[in-house]
Amino acid sequence: MRKFLLASSALAIGLSVPGVALAQEAEETPQAGEEGQETTVEETTGAQTIIVTATRRAQDIQEVPLAVTAVGAETLERQGVVNVQEITQVAPSFSTSNAQLASGSVVLRIRGVGTTSNNIGFESAVGIFIDGAYQSRPGVALSEFVDVERVEVLRGPQGTLFGRNTSAGALNITNNRPDLNEFGGFANATYGNRNLLSVQGAINAPLVENTLALRLTGAYRERDGYITLQDATGAEIGESNGADQYLIRGQLGFETEGGIRGRIIGDYTESTAPFGAALEVLQSPVETAGLFGLVGLGARGGMSGPEVATSPFDRTSAQAAADSRIASVNFEPTTEVDQWGVTGEIEIPLGDSADIVYIGSYREYNALEAYDSDFSGIDVFNVTSNVTEIETMTHELRIQGDAWDGRLEWLVGGYYAEEDIAQAASFELGEDYGELIGALLFGPTGGALGPNPLTVFSGGIDPAGTTNTNLYSQNSTSWSVFTHNTLEVADGLKLTLGLRYSDESKDGAFAQGNNSNTLCPAILGAIGAGAVPAPLVNTIFGTGCFAFTAPADLPAAAVFPLPRTFADTFEDNELIYTGKIAYEFDAPVNVYASFTHGYKAGGFNLDSTAAAGGADPRFASEEVDAYEAGLKAQALDDALTLNVAVFHEEFSDFQVLEFTGAQFTTFNVPRALTTGVEIETVWRPSANLTFNGGLTAMNARYPDDCAGDQTSPNVLALCGNSLTNAPDIVAIMGATYERDLGNYLDFFLTGQIRMEDDRRTSTQAVDPSNLAAAIPVPFDVQDSNAKINLRAGIGAQDDSWALEVFANNLTNQITRAVTFNTVLRSGSRSAFIQEPRSYGITLRGAF
């Protein structure tokens, strides 16, 4: 076991509550315009003031005319939020899911809107910014949260403030800056169930007082997986969905006597834990009929573990299958992900009323993954190597300031980015591929074709051992100019106008490396000669020329949907704009209304069948018109804070990726909508007790007329249904009790519950092959559930040490994130589940 430990520091016991999120204690509040200042608090009679930079200026969150949830470091720690995916525990409008790939299948959603993706060509609808630098893919930003100052969840489309435009929202993650004056640090050590071992730490060292400082941060986390892997015999062969990762980050911060300040950040992360196993929740009819046994694949065709549901809508049986947490594979997956990056930030004052801000970054991301892609213990279809490389360079330059005695706050800027993506995916048909096809065809043909039907129509060619490597690439360039300006036209009345012109260009390509497939040409010859019975043509073609392994550019590609290589260009540009009006009735009450036209660029479906049948491998850009009105208020001598936002967002050319069981398809849905209300509140009835709550009630849906003039069954099947993983109601309620125990000791107890309504977990809600019958997709809906987190701690009042115990998902609710048609297994459904219960103990120390 690798061990990583840096000298470090401990718990800050100041309260940080999600929703309207209170911050850590500090001595003074930064002045407006000082972006990059640490989160600080100003004590009032009953509450605290959190300073955020969601508008690229340091502002009290209650004065920002924007729906934003800000979460401080202590709340992240107390709710067990260790990475981007777990922000769901503190932000009701934010959700996330992951599928088979640690690198490429992460989906982030805000207000029910996200970009479902197992395709490296898709950009996320929710942008991620770490220390001001844009992270081009969610998988790039999955490293551990350590030494984090705060996380801001900006809800709704962004574009006139941040360097990269996004259509659903943004996460703005800020790490603690080097302190130029004080030496110190912290160290945290955690041990928990499933052999959790986590060590975090940081050390801050001024090198030249008031001028130059170094801050080093590190973390190591190891944990057993929560899914047991079994082979076809039921023997345990490994585990999945654990942790084995570390992070190192170094910062050099500086400030001159003339006020020039900045920092240089370098980081490296690595993760090697097996990931991406799925559980079968519905048996294939071939399983239940015993047909696998007739071709020598055992009673269940390599599926091990407990019996799963045989009724398509027996949710109880599906839940029991998920509770078992046993997945069938023929080998343990391999995951090796590493990345490094450099970010530079500098702020140069221009007199007393303006600043130049530059943020530049360079990042290299590499992932090697190998996995059983048929999700069964028999040897059918394997990804022997999936290598992904992403290089990203970004530059953002802003000039911002104020005029007219501060009544005008102005900002103009420019942004430039380059991204190079290369992916090489190597596939192999296993020893049992032909027999699996035999089991699927055994019933319809009465066994007449034998245990390996493909050999019958290919002159005896066995598909076992067929290999292929698909090569994908995308090179993109993005540039934009933007401005964001706020004018106080009368006392308390402010108008905001933001504009952004964005230009996108991408070169995408698919080529094929080594291909040993002789089966597909033989099958095509048999079909052309009329040797395949008409009722079997589609099945024999689809399995004999399986999309991931079929040779590209065969002559028959003009007739059949076979892989075609391509090299093409995508170009687009868009004017993004926002207008807001805000009014401060009294110091504790602010109201606002806004309209924003947002945009997310299109690109290429980086899949082998993207150009099949002469299809255009490109997908269109996604646009959104968003309307929002909100209220931010404080009462009871500022002991009660209440924020409310009402929103309606209309998406056009909504980007969707769907796995059909045999290939990945991408398409644009002409219309998608999300409408709702968000409520966040914090109440401090006494100095010792704090209550927090958050509610998101929304209707994120494809309207009945979502298809426009399109006739594609994939699009039509979506109309009238909710978006994927978009529950109508999500609520968070929590309480924290803190007390001075005397003898230099403090105590706290905090608890929080997150409740969510039913949600769909599949791309489709009904079977697109039979729209007239409107047959629901089996096991699409994840039932409503509630997850409880508890933490208690005792420590020194000077924060020199603390001891905590915790339990997350206390009642062990096992929920599904994504449900899908099991690969090459007609009628079977499988699911990727979310984190089960975790508990442990944490020791913190500071110096």
*Is it the case that Thr392 is farther than 24 Å from Thr496 by Cα, in contact with a strand residue (DSSP E or B) (Cβ under 6 Å, 6 or more places away or on another chain), among the polar types (S, T, N, Q) and modelled with pLDDT under 95?*
no
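Of all residues in the stretch 360-396, how many are part of a strand (DSSP E or B), among the aliphatic types (A, V, I, L, M) and either in contact (Cβ under 8 Å) with a residue 60 or more places away in the chain or in contact with a Leu (Cβ under 7 Å, 6 or more places away or on another chain) (or both)?
Residues meeting the conditions: 3.
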*Of all residues in the stretch 398-417 being without any contact (Cβ under 8 Å) to a residue 60 or more places away in the chain and part of a strand (DSSP E or B), the one that is nearest to Ala133 (Cα to Cα)*: Ile399
*So which residues in the stretch 340-372 are surrounded by 23 or more Cβ atoms within 10 Å (Cβ to Cβ) and of a type in the set (S, T, N, Q)?*
Ser361
*Please tell me if Ile130 is in contact (Cβ under 8 Å) with a residue 40 or more places away in the chain and within 24 Å of Tyr362 (Cβ to Cβ).*
yes
_Those residues of the stretch 638-691 which are closer than 30 Å to Thr609 by Cα and of a type in the set (Gly, Ala, Ser), in sequence order_ = Ser652, Gly661, Ala662, Ala672
*Quick one: what pairs do we get from the stretch 759-770, first residue among the small types (Gly, Ala, Ser), second assigned to a strand (DSSP E or B) and surrounded by fewer than 21 Cβ atoms within 10 Å (Cβ to Cβ), C-beta under 8 Å, 6+ apart or different chains?*
Ala765/Pro776
*asked:* Checking Ile523 against (1) more than 30 Å from Leu606 (Cβ to Cβ); (2) not in a strand (DSSP E or B), only one condition comes out false. Which one?
replied: (1)
*Go through the stretch 147-174 and give me each residue that's outside any strand (DSSP E or B) and at pLDDT below 95.*
Gly156, Pro157, Gly159, Thr160, Leu161, Phe162, Gly163, Arg164, Asn165, Ser167, Ala168
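Go through the stretch 293-341 and give me each residue that's outside any loop (DSSP other than H, G, I, E, B), of a type outside the set (Ser, Thr, Tyr) and modelled with pLDDT under 85.
Passing the criteria: Ala309, Arg315, Ala318, Gln319, Ala320, Ala321, Ala322, Asp323.
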*Out of all the residues in the stretch 452-482, which are surrounded by fewer than 17 Cβ atoms within 10 Å (Cβ to Cβ) and among the polar types (S, T, N, Q)?*
Thr467, Asn475, Thr477
*How many residues does the stretch 706-748 hold that are over 30 Å from Phe619 (Cα atoms) and without any contact (Cβ under 8 Å) to a residue 40 or more places away in the chain?*
3
_What are the pairs with Cβ atoms under 8 angstrom where one residue, in the stretch 530-555, is under 18 Å from Ser516 (Cα atoms) and the other, located anywhere, is outside any helix (DSSP H, G or I) and among the basic types (Lys, Arg)? Sequence gap at least six, or different chains._
Ala552/Arg564; Asp553/Arg564
*Say we look at the stretch 510-535 and pick out the residues that are of a type in the set (A, V, I, L, M) and over 17 Å from Gly459 (Cβ atoms); which of these is surrounded by the most Cβ atoms within 10 Å (Cβ to Cβ)?*
Ala511
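Conditions tested, residue by residue: (1) out of contact with any Gly (no Cβ under 8 Å at 6 or more places or on another chain); (2) closer than 26 Å to Phe691 by Cα.
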{"position": "Leu716", "(1), (2)": "yes, no"}
{"position": "Asn721", "(1), (2)": "yes, no"}
{"position": "Asn725", "(1), (2)": "no, no"}
{"position": "Ile729", "(1), (2)": "yes, yes"}
{"position": "Ala735", "(1), (2)": "no, yes"}
{"position": "Glu738", "(1), (2)": "yes, yes"}
{"position": "Leu741", "(1), (2)": "yes, yes"}
{"position": "Phe748", "(1), (2)": "no, yes"}
{"position": "Arg754", "(1), (2)": "yes, yes"}
*Under 8 Å between Cβ atoms, at least 6 apart or on separate chains: pull out the pairs that start in the stretch 823-844 with a residue that is touching a residue at least 40 places away in the same chain (Cβ under 8 Å) and closer than 30 Å to Ser769 by Cα and end on any residue that is buried (at least 19 other Cβ atoms within 10 Å of the Cβ) and among the acidic types (Asp, Glu).*
Val823/Asp374; Leu824/Asp374; Arg825/Asp374; Ser828/Glu280; Ser828/Glu287; Arg829/Glu280; Ser830/Glu280
*Matching residues in the stretch 656-678 - criterion: being of a type outside the set (D, E, K, R) and modelled with pLDDT of 95 or more*: Val669, Pro670, Ala672, Leu673, Thr674, Thr675, Gly676, Val677
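Yes/no matrix, rows are residues, columns are (1) of a type in the set (Lys, Arg); (2) farther than 17 Å from Thr116 by Cα:
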{"position": "Asn688", "(1), (2)": "no, yes"}
{"position": "Gly694", "(1), (2)": "no, yes"}
{"position": "Asp704", "(1), (2)": "no, yes"}
{"position": "Gln710", "(1), (2)": "no, yes"}
{"position": "Leu718", "(1), (2)": "no, no"}
{"position": "Leu723", "(1), (2)": "no, no"}
{"position": "Asn743", "(1), (2)": "no, yes"}
{"position": "Arg759", "(1), (2)": "yes, no"}
{"position": "Pro768", "(1), (2)": "no, yes"}
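Condition check ((1) among the acidic types (Asp, Glu); (2) at pLDDT 95 or above; (3) within 11 Å of Val329 (Cα to Cα)) across all residues:
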{"position": "Asn204", "(1), (2), (3)": "no, yes, no"}
{"position": "Val208", "(1), (2), (3)": "no, yes, no"}
{"position": "Thr211", "(1), (2), (3)": "no, yes, no"}
{"position": "Arg215", "(1), (2), (3)": "no, yes, no"}
{"position": "Gly218", "(1), (2), (3)": "no, yes, no"}
{"position": "Glu222", "(1), (2), (3)": "yes, yes, no"}
{"position": "Gly234", "(1), (2), (3)": "no, no, yes"}
{"position": "Ala243", "(1), (2), (3)": "no, no, no"}
{"position": "Tyr246", "(1), (2), (3)": "no, yes, no"}
*asked:* Regarding the stretch 443-457, can at least one residue be identified that is out of contact with any strand residue (DSSP E or B) (no Cβ under 8 Å at 6 or more places or on another chain), in a helix (DSSP H, G or I) and without any contact (Cβ under 8 Å) to a residue 12 or more places away in the chain?
replied: yes
*Within the group Thr45, Thr69, Thr96, which residue is farther than 26 Å from Glu649 by Cα, among the hydroxyl-bearing types (Ser, Thr, Tyr) and either outside any loop (DSSP other than H, G, I, E, B) or modelled with pLDDT under 90 (or both)?*
Thr45
*Determine whether the stretch 113-131 contains at least one residue that is surrounded by fewer than 24 Cβ atoms within 10 Å (Cβ to Cβ), touching a Ser or Thr at 6+ places or on another chain (Cβ under 8 Å) and small (Gly, Ala, Ser).*
no
*Residues in the stretch 176-216 that are assigned to a strand (DSSP E or B) and either surrounded by fewer than 22 Cβ atoms within 10 Å (Cβ to Cβ) or over 24 Å from the mean Cα position of the chain (by Cα) (or both): how many?*
26
_What's the number of the only condition in (1) buried (at least 20 other Cβ atoms within 10 Å of the Cβ); (2) farther than 30 Å from Glu584 by Cα that Gly694 fails to meet?_
(2)
*Output the number of residues of the stretch 641-657 satisfying the condition of being in contact with a Phe, Trp or Tyr (Cβ under 8 Å, 6 or more places away or on another chain), buried (at least 19 other Cβ atoms within 10 Å of the Cβ) and farther than 16 Å from Ala125 by Cα.*
2
_Can you find, within the stretch 268-291, the residue that is nearest to Asn821 (Cα to Cα) among those that are part of a strand (DSSP E or B) and either touching a Leu at 6+ places or on another chain (Cβ under 7 Å) or small (Gly, Ala, Ser) (or both)?_
Ser271
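The values are calculated or read from the model by the stated rules, or taken from the named source; none is laboratory data. Note that the coordinates shown come from a computational prediction; the quantities given were computed from them, not determined experimentally. Every residue, glycine among them, receives a Cβ derived from its backbone with ideal geometry; neighbour counts consider all protein chains shown.
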